[in-house]
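Q: Pasting a structure below so you can have a look.
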Amino acid sequence: MEHHEKDPAVTRAMALALMRQAQNLLQGVREEASVTQLQRAIDTLLRKRPDQAPGAS
């Protein structure tokens with residue numbers, strides 16, 4: 001089993017890196033609508049969720 005499959009934080013970090021890479025590629029071909037939507041997805045991923053708050057179980 002891959003390490004990222006065991007650790008949600010690693011999985012999120014990998015997803016974020018891939019999303020940012022995709023965003024750069026899309027900017028290169030002027031896919032502005034796609035870049036905007038992908039940025040919203042990145043912002044959502046980075047937003048703190050209630051279940052990620054310290055002490056949340």
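Q: Residues that are at pLDDT 95 or above and under 13 Å from the mean Cα position of the chain (by Cα): list the helices (runs of 4 or more DSSP H) wholly contained in the chain that include at least 2 such residues.
A: Counting at least 2 such residues, we get 8-28, 32-46.
Q: Starting from the stretch 5-30, keep only residues that are within 11 Å of L45 (Cβ to Cβ) and open to solvent by 100 Å² or more (accessible area, probe 1.4 Å), then list their pairs with residues that are among the charged types (D, E, K, R) and modelled with pLDDT under 95 whose Cβ atoms are within a distance under 9 Å, requiring at least 6 positions of separation or different chains.
A: none
The values are calculated or read from the model by the stated rules, or taken from the named source; none is laboratory data. Nothing here was measured: the structure is a model prediction, and the numbers come from that model. Cβ: placed from backbone, ideal geometry, glycine included. Neighbour counts: every protein chain shown. Note: accessible area is taken over every heavy atom of the protein model, side chains too, but ligands, DNA and RNA are not part of it. Shrake-Rupley method; radii C 1.70, N 1.55, O 1.52, S 1.80 Å.
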